[in-house]
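Remarks on the structure that follows.
The values are calculated or read from the model by the stated rules, or taken from the named source; none is laboratory data. None of these values were measured; they are calculated from a predicted model. Please note: Cβ atoms are built from the backbone with ideal geometry, for glycine as well, and neighbour counts cover all protein chains shown. What goes into the accessible areas is simple: the full protein's heavy atoms, side chains included, and nothing from ligands, DNA or RNA. Shrake-Rupley method; radii C 1.70, N 1.55, O 1.52, S 1.80 Å.
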Amino acid sequence: MTRFESEHWGIMSGQRRVKVFSWRGVRFSIAVCYDVESPRYANEIAKRNIDMIFVPSCTDDVHGYWRVRHCAEARAIETQSYVIVTSTVGGDPRFEEIYPNYGKATFLGPCDVGFHDDGCILDGNLNVEDIFVTSLDLAALKNVRRKGTVLNRLQLSELNK
């Protein structure tokens, strides 16, 4: 939990288990906001052979957004997976805890051969409600995990034995 959630709201951490979902052969998991800032959590997800990590986030300032974003980039590289960040924007002025919110949607890849140079597949507009659709190439993920410039996913597997 973030400091605000635990100190102001008294929210306690839940069970420490990772849930993996599968849809049409695509395996994915969710790292809610602050979870993506933990390499250990992402490593637990990656051990379960996922293809994507979804990162819904609710950040109340520019620093929080960029912390989530940069950590999501790192997780895409470490796990050689797609990472999709979705942020709440605007918020509701009736609730100071979630107003205002800062962020944007971003689709990230593993930043390796066959992917965009900077790892960013699609980048939304700051603080704008948008809907994005793009194609993600699962064969490219499998290829980069076998023949990439670095083999981060393989190294994670070796570390976790």
task = State log₁₀ I(q)/I(0) for the stretch 28-94 at q = 0.11, 0.13, 0.17 Å⁻¹ as given by the Debye formula over alpha-carbon point scatterers of equal weight, solvent excluded.
result = -0.24, -0.33, -0.53
task = Over the stretch 36-157, average the accessible area per residue using a 1.4 Å probe and give it in Å², no decimals.
result = 53 Å²
query = What length, rounded to one decimal in nm, is gained on full extension from Val20 through to His70, with 0.36 nm per residue of separation minus their alpha-carbon distance?
reply = 15.7 nm
request  = Can you tell me the relative contact order of the chain? Whole percent, Cα pairs under 8 Å, sequence separation 6 or more.
outcome  = 17 percent
query = Quick one: length gained pulling Phe54 to Ser38 fully straight, 0.36 nm per residue minus the C-alpha distance?
reply = 4.3 nm
key: Calculated [θ] (222 nm, deg cm²/dmol) that DSSP helices of n ≥ 4 give over the chain, each run adding -39,500 (n - 2.57)   = -9000 deg cm²/dmol
Pair Glu96, Asn143: separation of 7 Å Cα→Cβ label points (nm) = 5.4 nm
query = Which of the aspartates and glutamates could a cross-linker bridge to Lys47, judged by Cα under 13 Å and excluding same-chain residues fewer than eight apart?
reply = Glu78, Glu158
ask   = In whole percent, how big is the carbon plus sulfur part of the accessible area of the stretch 1-155, probe 1.4 Å, protein atoms only?
value = 54 percent
request  = Please pull out the direction-averaged projected area of the chain, using the convex hull of its alpha-carbon atoms, in nm² to one decimal place.
outcome  = 10.1 nm²
task = Considering only DSSP beta bridges where both residues belong to the stretch 5-107, give the percentage that are antiparallel (nearest 5).
result = 40 percent
